[in-house]
1. When you scan region 190-200, do you find a residue that is at pLDDT below 95 and buried (at least 22 other Cβ atoms within 10 Å of the Cβ), even just one?
2. Please specify each residue of region 104-116 satisfying the condition of being under 16 Å from TYR172 (Cβ atoms) and crowded, with 22+ Cβ neighbours inside 10 Å.
3. Among the residues of region 84-104, what is the count of those that are assigned to a loop (DSSP other than H, G, I, E, B) and either under 18 Å from the mean Cα position of the chain (by Cα) or not basic (Lys, Arg) (or both)?
4. What pairs come out if I take residues in region 159-181 that are assigned to a strand (DSSP E or B) and pair them with residues that are basic (Lys, Arg) whose C-beta lies under 6 Å away, six or more apart or interchain?
5. Here are the criteria: (1) surrounded by fewer than 17 Cβ atoms within 10 Å (Cβ to Cβ); (2) modelled with pLDDT of 95 or more; (3) under 23 Å from ASN179 (Cβ atoms). Tell me which single one LYS97 does not satisfy.
6. Considering only residues of region 64-91 that are charged (D, E, K, R) and under 19 Å from TYR189 (Cβ atoms), which is surrounded by the fewest Cβ atoms within 10 Å (Cβ to Cβ)?
7. Could you tell me which of the residues GLU107, GLU147 is of a type in the set (Asp, Glu) and either over 27 Å from LYS197 (Cβ atoms) or part of a strand (DSSP E or B) (or both)?
8. Just to be sure before I move on: is LYS167 at pLDDT 95 or above and out of contact with any helix residue (DSSP H, G or I) (no Cβ under 8 Å at 6 or more places or on another chain) in the structure I sent?
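The values are calculated or read from the model by the stated rules, or taken from the named source; none is laboratory data. Note that the structure is predicted; figures quoted are calculated from it, not measured. Here Cβ is always computed from backbone atoms with ideal geometry, including for glycine, and neighbour counts include all displayed protein chains.
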Amino acid sequence: MKRSLLSLLILFSVPCFADQNAITDTGEEVILKDDGTWGYRSGKSSNSASTTGKIKTNSKEFSKPGSSTFLIKSNKNDTAVWIDPKKWTFKKSDPTKATEYKLRLKEKSLYGMMITEEIELPLKTISNAALTNAQRAAPNAKIIKREYRKVNGIKVLYQEITGTIQKVSFTYISYNFSNKSGSTQLVTYTANNLVNKYRPEIFKLLNGLVTQ
């Protein structure tokens with residue numbers, strides 16, 4: 001993937017926590033204040049069909065693959081992710097940013113992020129806010145699939161978002177998790193034409209999500 005395309009994908013991937021805005025399950029916009037409290041603000045409610053309706057639960061239980069032997073731990077909350085060090089590289093981001101770790105499948109065009117926050121949020125709120133942020137960079141961005149899953153004993157919200165920026169079509173696939181220690185988005189992203197090629201590696205990474 002060319003550097004320019006990677007830059008576009010990163011532009012889209014502004015964390016849903018970056019400006020501390022969120023959308024509730026009923027479509028109301030809220031502001032997450034520095035002290036951890038909530039504040040409602042006026043504005044139009046989300047009318048996206050992708051963020052309404054009941055979310056199904058996948059009956060299958062998911063677990064980390066045996067090849068994932070290196071544990072990356074968050075310093076903001078109690079989440080962590082097991083990765084295959086033979087396939088993935090990672091680096092820690094600026095501690096002032098919500099994206100705590102950036103990952104890449106070695107010499108391939110598949111990228112990842114571990115976005116962490118100390119604030120506990122409803123999973124639907126994380127999902128809806130991620131879509132709202134996506135639509136700022138790609139107005140046609142939409143959720144094409146989301147479901148609850150049980151991964152290594154924890155409940156996560158699986159989500160796929162697709163969109164187009166400057167005629168480049170892309171897909172973001174993520175696990176979203178939250179508990180009393182905070183919230184985490186484990187996100188993978190690549191161009192649409194590469195998604196099916198990389199799906200096995202995407203799920204090996206995502207299924208490494210655990211709590212410490």
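1. Yes; the residues of region 190-200 include at least one that is at pLDDT below 95 and buried (at least 22 other Cβ atoms within 10 Å of the Cβ).
2. LEU110, GLY112, MET113, MET114, ILE115
3. Residues meeting the conditions: 8.
4. As it stands, the answer is GLN159/ARG146; GLU160/LYS145, since those pairs meet every condition given.
5. Here LYS97 clears every test but (2).
6. LYS91
7. It is GLU147.
8. Here the answer is no, as LYS167 does not meet what is asked.
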